[in-house]
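**Q** Dumping the structure here so I can ask a few things about it.
The values are calculated or read from the model by the stated rules, or taken from the named source; none is laboratory data. Small disclaimer: the values here were computed from a predicted structure and weren't measured. Quick reminder, even Gly has a Cβ in these numbers, built from the backbone with ideal geometry, and neighbours come from all protein chains shown. When the accessible area is computed, the model is the full protein with side chains, heavy atoms only, and any ligands, DNA or RNA have been set aside. Shrake-Rupley method; radii C 1.70, N 1.55, O 1.52, S 1.80 Å.
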Amino acid sequence: MPTRETPSRASLDQLIRARSLSYVIEQSRLGLLTVLVMTSALGSIFVPAAGIGLFLLWWVPVLVGFIGRQVWFEQLRKRPDTPDERRVTWVTTLSAFTGWLVMLSLPIFGPRISAHEFILLVGLMLAWIAGAVSVLAVQPRVYLGYLIACLSTVAFALWQRFGATEINVLALALPLGGLMMYRLAHGIRQLLNEAVAEGMRSETLAGQLEQALHETRQAFELRSRFLASASHDLKQPVHALSLLVNVLRRSADETRRQQVMHEIEHASRSIDSMFSGLMDMARIDAGNLRAHLTGVDLVPLLKTTLAGYPELCAQKGVTFALRVNGAPVVRADPLLLQRVLGNLLDNALKFTTTGGVTVEVTERGDSVILSVTDTGPGIEPAELDALFKPFSRGRQAQSLGVPGLGLGLAIVRHMVALMGMTLQVDATPGYGSVFALTLSRERRAAEVPVESTVNASLAGLNVLLVEDDQLAREATSHWLREAGASVTAVASDQEAMAAPDQAGRPDLLIADYNLGEEALTGGDVAARLQQRFPQLPCIIVTGEGSAALTHVQGVVLRKPLSAPALARAVQELLHAGR
């Protein structure tokens, strides 16, 4: 549905002219009827006093003028083009002239009729002048000319009938009355302008409201379709994990067990990717996603981001290639750039069943082109418009059974826009796709953190783990013990405060932020333990995007938390504490 834009001053002026012309033409129809009735009635006074010949000499030009102008007006009304100022002026001028022809009855017949008939005729003509304001007010300057001509005609008729000495008071009253009528015309014109402008604003607001309602309905429909599909897509890897764990428990074949563990890792990555996408979209919807641009050395970032992808491609039976021309430094947010590249690579890997995936860096003047090319099924032209919409999945994703929520490219588009970059898509059905990101060069790179895969060695480390969820507590405890740490795992804030009395001073605290509705938060536990044990390294794990953890001297990690991210955070804390 197209968005209606706020009208410009030019379009407002065009509408005012169109409404003015339409108003004058509509009023002229009533004017023609009024002239026919009024002049016919006046004929009963004029003909006995002046004769039929003089009456027809006045009456015929009046009728020809009014009928002729109405024929022309009706032709103008049927024209499809927007009237210009000149056309509106011509129409109002002609209306004023034909109206003045009626006023000529005063000097023509005034000397020939009786005094009381003359006074009646003057009153009727003054009413005619006043009535014309409703028609000619759309052009106040034309109405001013009409007033001068008509009032001069009245003054001449009064002088002709009574002489100069008898009309001194009227000579003063007529200009004052004319001034009041002219100001009235200006007021009517202003009201017309305001009415048209208000009408356009109302129409624009109605259009915007209609657009907003349309978008809201679309959003609700999209969310409904998403919830229906997401519940299925999220259950799939969970279902697979349950079966794979059972196979792992029952199988004694070491080769088979290794294969199952690879499949478990794949299902875990699928779940992590889905939840990460949901969290990114939540941050985008809330407006909390920001880009912090700096100089980024692209080669190290690529090596870190691409770690593991060659092996994943090999497991799927496709090739992986990295081609870098030079050692460019670009202006970007390193973490957002990693997310963009990761999402593009995930998509390429999902859809590529034969051939391979290629990441290429090309320097082009002041720009650097970072492209991800795959030999997948490509993209149908009809699906390109919906490609970057949230929760949108093409027919290829459904036909190939590719997992996902349809969020990856929507997140990519938003992150690319935040960094001020451009992303182009070149996709041919049956021949694959190319996603090319254009980045700006930077003179030098800043030291920036990038996500990496590290192996943690926590031998001899005394770790206090505070986690109210039993499954998460046991899984984290197993990982820490496998890394060599001694772990004290507790489920509540009270147990956490008492644990050092039995297990001794902790070397590291890992706490979930939300420990229950009535309990202290993990941040509060960390703050209290840091008062007891100054410089205690701590990691707070949270699934809440807006948790206020500024008082905690430690690292905040977001759920779902991967093992490499936890390992990197532990190593950074331990290294900083040395």
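**Q** Using mean Cβ contacts within 10 Å as the protection proxy, how do 412-419, 472-479, 115-122 order, highest first?
**A** Going by the mean number of other Cβ atoms within 10 Å, highest first, we get 412-419, 472-479, 115-122.
**Q** Hey, another quick one. Under 11 Å from the 7 Å Cα→Cβ point of residue 112, by amide nitrogen: which residues of the stretch 49-74?
**A** Only 49-59 fall inside the zone, counting backbone N under 11 Å.
**Q** Could I ask something else about it? Take the Cβ-Cβ distance between residue 141 and residue 503 as r, set R0 to 56 Å, and report the resulting FRET efficiency rounded to the nearest 0.05.
**A** FRET efficiency, residue 141 to residue 503: 0.05.
**Q** Could you size up the charge dipole of the stretch 46-158 around its Cα centre, putting +1 on the beta carbon of Lys and Arg and -1 on that of Asp and Glu, and report it in debye to the nearest 20? Let's see the in-between values first.
**A** Details: 8 positive and 5 negative charges, 40 e Å.
Roughly 200 debye, rounded to the nearest 20.
**Q** With all protein chains present, calculate the accessible area of residue 37 using a 1.4 Å probe and round the result to the nearest 10 Å².
**A** 90 Å²
**Q** Can I ask one more? Quick one: how many Å² of residue 253 are accessible to a 1.4 Å probe, rounded to 10?
**A** Residue 253 exposes around 80 Å² with every protein chain in place.
**Q** Apply the Karplus parameterisation 6.51 cos²θ - 1.76 cosθ + 1.60, with θ equal to phi minus 60°, to every residue of the stretch 95-112 and state each ³J(HN,Hα) to the nearest whole Hz, in sequence, with x for glycine and proline.
**A** Working through the residues one at a time gives 4, 5, 5, 5, x, 5, 4, 5, 5, 5, 4, 5, x, 6, 9, x, x, 9 Hz.
**Q** To the nearest 10 Å², what's residue 323's accessible area with a 1.4 Å probe?
**A** Accessible surface of residue 323 is approximately 130 Å².
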